[in-house]
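Here the structure is laid out as structure tokens; the discussion comes afterwards.
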Amino acid sequence: MKPFFTRLWRNFCLMLANQPSLTLYLLPLLQRLWPGFLPGLYRASLLSQQWQTPDMLLLTLKVSGRWPGFVPGQHIVLTLKHNGRYLSRPFSICSSLKRWQSQRQIQLCCKINSIGEFTPLLAQLPDNSLLNISQAQGDFYWQQPALPAVFIAAGSGITPIAAMLLSQRHWLAPVSLYYRVRGQENAALLSELEQLAARQPLFSLQLSDSCTTPSATLQQQVIANAASKQFFLCGPAAFMAQIRAALVSSGVDAASIQQEQFGLAMPALPTVTSDSPTLTGHFIRAGISKAVTLNPQQSLLQNAEQHQLSPQFGCRIGVCFQCVCDKVSGQVRDIRTGSLSGHGVEQIQLCVSQPVTELVIKL
């Protein structure tokens, strides 16, 4: 009966002021008592910042004791307030489980995009700034440490893999890490990983410099040690697709390959031609409907923003759920999987939904 009462309570809140929780009514008061408070999130204090590479910044956070912890390899959604608006982005935890258990601290190694909206703000935060984090999310983690394993990382893909390796206490089988970088100066978290390799004989670290080593050479090295191993891939989508294809073609079972990526890997979509019908969307806000022409090759969030509707959003890749809204009618496609929704009323995420038919959306 619990789900029934949960739905009843939510509908009651929506009826009063279109809010999913009565906590939101009291939010200004609660934030006066507990600065930085946001319902459903946990507070964290920024202890320090340290540049790992010219564009990778290591943040050390002291996290609320209410936070339930994480499994190495998982990510969190980091939220901060800027110019009166909450912004969110997902980041993998890169520190060890021991650090969290002993000091209630976690670390995030964030790639700073100088023209981005979110990450440049991180470099400007003063120490002791209050931030908010979500619960740990994701199923990219090391499930069977008793089996030989090969980890392959590129760029910021090193962050969840570093957490897995630095958290391992009982080494039961050989483990290799192939770390693809563009010059050693761009190898974040390298010092910690080199120290691990020095003290742990079952762990080997192979730094692969893309400036001097062709990707085909890296693939050959990985394939040469592929027999009876489990694989963990994390990095840009194109890089992982190449490595995965090479492994599968060499006889590695696809079920033994796990991977994580940052951003959306979009499936092939139907081609839009001049003969394709024009789609119309109706976005409803505060009872007022605005009709717009929809581009089926873009997300609904992008469509709405191009018509100056400014819907709420966070991560823009389907992780934080800040852009969830009600689809009243019509059909959408999930950008990540290509799956189609129903035609009736349901909740959707604007950032990972593309229009398929005419739509009515309640923002």
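Every residue, every condition in (1) within 20 Å of the chain's Cα centre (by Cα); (2) at pLDDT below 95; (3) part of a strand (DSSP E or B); (4) of a type in the set (Phe, Trp, Tyr), yes or no:
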| site | (1), (2), (3), (4) |
| --- | --- |
| PHE37 | no, yes, no, yes |
| GLY40 | yes, yes, no, no |
| TRP51 | no, no, yes, yes |
| LYS62 | no, no, yes, no |
| ARG66 | no, yes, no, no |
| PHE70 | yes, no, no, yes |
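Of all residues in segment 327-363, exactly one satisfies the criterion of being in a strand (DSSP E or B) and under 21 Å from LEU78 (Cα atoms), namely GLN349. Residue count for segment 53-98, restricted to those that are surrounded by 21 or more Cβ atoms within 10 Å (Cβ to Cβ) and farther than 23 Å from ALA154 by Cα: 3.
I'd like the full set of residues that are polar (S, T, N, Q), in a loop (DSSP other than H, G, I, E, B), surrounded by fewer than 21 Cβ atoms within 10 Å (Cβ to Cβ) and within 21 Å of the chain's Cα centre (by Cα), limited to segment 120-159. Residues satisfying the conditions are GLN135, GLN143.
Restricting to segment 198-225, count the residues that are in a helix (DSSP H, G or I) and open to solvent by 30 Å² or more (accessible area, probe 1.4 Å). Before the answer, list the steps.
Going residue by residue through segment 198-225, those that are in a helix (DSSP H, G or I) are 198-199, 215-224.
Subset that is open to solvent by 30 Å² or more (accessible area, probe 1.4 Å): 198-199, 215-217, 219-221, 223-224.
Residues flagged as in a helix (DSSP H, G or I) and open to solvent by 30 Å² or more (accessible area, probe 1.4 Å) within segment 198-225 amount to 10.
Once segment 279-304 is narrowed to residues that are part of a loop (DSSP other than H, G, I, E, B) and of a type in the set (Gly, Ala, Ser), the residue that is farthest from the chain's Cα centre (by Cα) is GLY287.
Condition (residue is out of contact with any Phe, Trp or Tyr (no Cβ under 7 Å at 6 or more places or on another chain) and without any contact (Cβ under 8 Å) to a residue 12 or more places away in the chain) applied to segment 322-333: is it met by at least one residue? No. Reported count of residues in segment 305-326, each being of a type in the set (A, V, I, L, M, F, W, C), modelled with pLDDT of 75 or more and assigned to a loop (DSSP other than H, G, I, E, B), is 3. Can you tell me which residues in segment 160-193 are touching a strand residue (DSSP E or B) at 6+ places or on another chain (Cβ under 6 Å) and open to solvent by 40 Å² or more (accessible area, probe 1.4 Å)? Correct list: ASN186 only. In segment 285-300, the condition of being without any contact (Cβ under 8 Å) to a residue 60 or more places away in the chain, surrounded by 15 or more Cβ atoms within 10 Å (Cβ to Cβ) and either among the acidic types (Asp, Glu) or within 12 Å of SER353 (Cβ to Cβ) (or both) is met by at least one residue.
Please indicate, with yes or no, whether at least one residue in segment 224-240 is under 30 Å from LEU207 (Cα atoms), at pLDDT 90 or above and over 26 Å from the mean Cα position of the chain (by Cα). Yes, segment 224-240 contains at least one residue that is under 30 Å from LEU207 (Cα atoms), at pLDDT 90 or above and over 26 Å from the mean Cα position of the chain (by Cα). Scanning segment 237-259 for residues that are in a loop (DSSP other than H, G, I, E, B) and crowded, with 17+ Cβ neighbours inside 10 Å yields a single hit, VAL252. Of everything listed in (1) open to solvent by 70 Å² or more (accessible area, probe 1.4 Å); (2) over 19 Å from GLY235 (Cβ atoms), the single unmet condition for ASN113 is (2).
The values are calculated or read from the model by the stated rules, or taken from the named source; none is laboratory data. If you're wondering where the values come from, they're calculated on a predicted model, not measured in any experiment. Every residue, glycine among them, receives a Cβ derived from its backbone with ideal geometry; neighbour counts consider all protein chains shown. Heavy atoms of the whole protein, side chains included, go into the accessibility calculation; ligands, DNA and RNA do not. Shrake-Rupley method; radii C 1.70, N 1.55, O 1.52, S 1.80 Å.
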